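Visitor: Questions regarding the structure given below will be posed in turn.
Values in this text are rule-based calculations from the coordinates and carry no lab data. Nothing here was measured: the structure is a model prediction, and the numbers come from that model. Here the Cβ is made from the backbone with ideal geometry for all residues, glycine too, and neighbour counts use every protein chain on show.
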Amino acid sequence: MNQDPLKLMCILAHPDDESLGTGGILARYADEGVHTSLITATRGQRGWQGDEADNPGQKALAQIREAELRAAAAVLGVQELILLDYMDGELDKAEWKTAVSQIAHYIRRIQPHVVVTFDPYGSYGHPDHIAISQIAAAAIVAASSSNGTQPPHQVDKLYYLADTAEFAHIYESVFGELVMTVDARERRIVSWPDWAITTKIETNAYQSQIWEAITCHRTQLPSFEALMQMPTAQRQRLFARQGFYRVFSLVNGGREIEKDLFAGFSKPQKVL
């Protein structure tokens, strides 16, 4: 008897978050036969990294970045991509109930077992990252009840991206201190203490896919220049494994470090 595939959904804020943040797990689990889906909340309309004189404007840039996102998602084996239309840089100003309801709709329809999103710090305090983390968590709760037209769906596990101290050190050794000023206060990259990280996923075998996906985001390459120039060995350390915090799980628990986001599930055999 064929088992239905396990399902992984990443809920993120911008085009390129999927490659830099979750590229390793998307590539790995797609390769293992897991159904992978991605919700991206904004189109990155304000994310121009080149000479301002060459800025195509928000409408055109949104179309360009959508094409980049679709190319990267294809490289990573994403089976379903949902691109929403919230304004880049203003996700925390979105009509909250509408945003929660919209993402809950996709959770009910796709029925993921595992959801991954940003941590409450937004990695380095980015308001869009923080907002999508909060919206995703609320949508999981909302999706567990029917909306009148869709049956409820209960997500089994929620994870936060949890940058390790090693990742933060390598990243800032390449790019310098990651600082963002919000409400006149500086925000910096937040690394999780090693003891707090519940889950470490090996992604070294998928480095070439991760890198290919990153380079699909051509409008962002000026800001990735240092990443492109870093020694191969250092880049491999950056993307060799990913850390996560298991926010909740209905299928397993305890202090033992997970090596699989689907720990606690019976995984169907991959069909070769």
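Visitor: Modelled label-to-label distance, GLU66 and VAL190, 7 Å Cα→beta-carbon offset: nm?
Guide: 3.3
Visitor: Right, another one. What nm value, rounded to one decimal, do you get for the distance between GLU256 and VAL141 when each label is placed 7 Å out toward the C-beta?
Guide: It works out to 3.2 nm between the two label points.
Visitor: Let me ask something else about it. Give, rounded to the nearest 20 debye, the magnitude of the charge dipole that segment 7-249 has about its Cα centre when Lys and Arg contribute +1 at Cβ and Asp and Glu contribute -1 at Cβ.
Guide: 660
Visitor: Turning to a different aspect of this structure: Treat every Asp and Glu Cβ in segment 90-145 as -1 and every Lys and Arg Cβ as +1, leave all other atoms uncharged, and give the resulting dipole magnitude about the Cα centre to the nearest 20 debye. Working shown, then result.
Guide: Working: 4 positive and 5 negative charges, 61 e Å.
The calculated dipole for segment 90-145 is roughly 300 debye.
Visitor: Sticking with this one: Give the label of the value calculated from the structure for Cα Rg over 2.2 N^0.38 Å, choosing from (1) 0.97; (2) 1.11; (3) 1.06.
Guide: Correct label is (1).
Visitor: Another one. Could you tell me whether segment 146-272 comes out rounded, prolate or oblate from its Cα gyration tensor? Rule is a ≥ b ≥ c as square roots of the eigenvalues, rounded for a/c under 1.5, then prolate if a/b exceeds b/c, otherwise oblate.
Guide: Cα axes put segment 146-272 in the prolate bin.
Visitor: So which GluC sites (Glu not before Pro) in segment 143-226 are both in a DSSP loop and have at most 13 other Cβ atoms within 10 Å of their Cβ?
Guide: Numbers: sites: GLU166, GLU172, GLU177, GLU186, GLU202, GLU212, GLU225; in loops: GLU177.
Loop-located and lightly packed - GLU177.
Visitor: Check cross-link reach from LYS7 to the aspartates and glutamates: straight Cα distance under 18 Å, and skip same-chain residues fewer than eight apart.
Guide: LYS7 reaches GLU18, ASP31, GLU32, GLU80, ASP156, GLU258, ASP260.
Visitor: Another question, then. Using 0.36 nm per residue of separation minus the Cα-Cα distance, give me the extension gain between TYR245 and SER223 in nm, one decimal.
Guide: Residue separation times 0.36 nm, minus the Cα-Cα distance, leaves 5.1 nm.
Visitor: For THR215, THR117, THR149, what ranking results if the residue with the fewest other Cβ atoms within 10 Å of its Cβ goes first?
Guide: THR149, THR215, THR117
Visitor: With point charges of +1 on the Cβ of Lys and Arg and -1 on the Cβ of Asp and Glu, referenced to the Cα centre of the chain, which listed residue (LEU76, GLN3, ALA143) lies farthest in the positive direction of the dipole?
Guide: GLN3
Visitor: Okay, next question. Rounded, prolate or oblate: which one fits segment 1-150, using the alpha carbon gyration tensor with axes a ≥ b ≥ c (rounded when a/c is under 1.5, else prolate when a/b beats b/c, else oblate)?
Guide: Working: a/c = 1.93, a/b = 1.32, b/c = 1.46.
Oblate shape, in that a/c is at least 1.5 and b/c is the bigger or equal ratio.
Visitor: DSSP loop GluC sites (Glu not before Pro) in segment 66-157 with at most 14 other Cβ atoms within 10 Å of their Cβ, which ones?
Guide: GLU90, GLU95
Visitor: Starting from the 7 Å offset along Cα-to-Cβ, what nm value, one decimal, do you get for the label separation of ASN204 and VAL182?
Guide: Between ASN204 and VAL182, the label points sit 3.4 nm apart.
Visitor: Mind telling me which of VAL182, VAL114, VAL247 comes out most flexible in a GNM of the chain, alpha-carbon contacts under 10 Å?
Guide: VAL182
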